[in-house]
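Novice: Below is the structure I would like to discuss, written out as structure tokens.
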Amino acid sequence: MEQQLEEADRLRRDVKVDQAVAAYRQMVLTYPDCVRAHHGLGLCLGFKGRLAEAVSELESAAELAPLSPRILLDLAKTYMMAEMYVEGETTFGRVLKLDPGNADARKQLKYCQVAELTL
């Protein structure tokens, strides 16, 4: 399993996104509780602009690893791209509860509040 994940991650880093999607999908089918596969698949789908699918995969990753600031941050950013502002703001807040010093989440949350995106 680790070798398959490393290959999928390499494909994603090399911007071979379609191949990475296929590799991560296979991993998710074979290992449905693999956080890294759901996370990687969600990121790739987001790169492709398939935001509803990306949100679904990142939500799966967040359910499997609810204490991961990195996964929650990626989920929150994807919510924002999908114009799911309330969910994005809430998830940035979850990141800051886990990692109060997270500058990226602070900046994004401030943007939400200044832009009043959740009103």
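The values are calculated or read from the model by the stated rules, or taken from the named source; none is laboratory data. Everything quoted here is computed from the prediction, not taken from an experiment. Glycine also receives a Cβ, built like all others from the backbone with ideal geometry; neighbour counts cover every protein chain displayed. Remember, those area values only see protein heavy atoms, side chains included, never the ligands or the DNA or RNA. Shrake-Rupley method; radii C 1.70, N 1.55, O 1.52, S 1.80 Å.
Novice: Return the inverse of the average 1/r over all pairs of distinct C-alpha atoms in the chain, which is the Kirkwood hydrodynamic radius, in Å to one decimal. Display every interim value, and only then the final one.
Specialist: On the way: mean 1/r = 0.0693 Å⁻¹.
Evaluated over the chain, this radius sits at 14.4 Å.
Novice: Go through Gln113, Leu58, Tyr79 and say which Cα lies farthest out towards the positive end of the charge dipole of the stretch 51-119; charges sit on Cβ, +1 for Lys and Arg, -1 for Asp and Glu.
Specialist: The residue sitting most towards the positive pole is Gln113.
Novice: Further, regarding this structure: About its Cα centre, how strong a charge dipole does the chain have in debye, to the nearest 20, once Lys and Arg get +1 and Asp and Glu get -1 at the Cβ? Let's see the in-between values first.
Specialist: Working: 15 positive and 18 negative charges, 64 e Å.
With only Lys, Arg, Asp and Glu charged at Cβ, the dipole is about 300 debye.
Novice: Right, next: Would you mind checking the tilt of helix 2-13 against the longest principal axis of the Cα atoms of the chain, expressed as 0 to 90 degrees and rounded to 10?
Specialist: Once rounded, one gets 60 degrees.
Novice: If you add up the charges near Met1, with Lys and Arg at +1 and Asp and Glu at -1, over every other residue whose beta carbon is less than 13 angstrom from its beta carbon, what do you get? Walk me through the numbers on the way to the answer.
Specialist: Values: positive: Arg36; negative: Glu2, Glu6, Glu7, Asp9, Asp33.
Here the charged neighbours net out to -4.
Novice: May I ask you to rank Arg13, Arg70, Arg25 by accessible area, largest first, using a 1.4 Å probe over the protein chains only? Intermediate values should be presented prior to the final figure.
Specialist: Details: Arg13 155, Arg70 125, Arg25 85 Å².
Per-residue accessible area, sorted high to low, gives Arg13, Arg70, Arg25.
Novice: On a 0 to 90° scale, report how tilted helix 103-115 is relative to the longest principal axis of the chain, with both axes built from alpha carbons and the result rounded to the nearest 10.
Specialist: Taking the Cα atoms of the chain, the angle to 103-115 is about 50 degrees.
Novice: To the nearest 20 Debye, how big is the dipole of the stretch 26-91 about its Cα centre, given +1 on the beta carbon of each Lys and Arg and -1 on that of each Asp and Glu? Please report the intermediate quantities before stating the final value.
Specialist: Values: 5 positive and 9 negative charges, 57 e Å.
Dipole of the stretch 26-91, to the nearest 20 debye: 280 debye.
Novice: Here's another thing I want to ask about it. What angle do you read, to the nearest 10 degrees and between 0 and 90, between the alpha-carbon axis of helix 17-30 and the longest principal axis of the chain?
Specialist: Taking Cα atoms only, the helix is inclined about 80 degrees.
Novice: Can you pull out the GluC sites (Glu not before Pro) in the stretch 37-119 that DSSP calls coil and that have at most 11 other Cβ atoms within 10 Å? Intermediate results must be reported in sequence, preceding the final value.
Specialist: Working: sites: Glu53, Glu57, Glu59, Glu63, Glu83, Glu87, Glu89, Glu116; in loops: Glu83, Glu116.
Sites meeting the loop and neighbour criteria: Glu83, Glu116.
Novice: Quick one: with all protein chains in place, what share of the accessible area of the chain is carbon or sulfur, to the nearest percent (1.4 Å probe)? Walk me through the numbers before you get to the answer.
Specialist: Working: 3550 of 6680 Å².
Using a 1.4 Å probe with all protein chains present, the chain comes out at 53 percent carbon and sulfur.
Novice: What's the local net charge at Gly88, with K and R +1, D and E -1, over the other residues with C-beta under 12 Å away? Don't skip to the answer; put the middle values down first.
Specialist: On the way: positive: Lys77, Arg94; negative: Asp74, Glu83, Glu87, Glu89.
Taking every other residue near Gly88 into account, the sum is -2.
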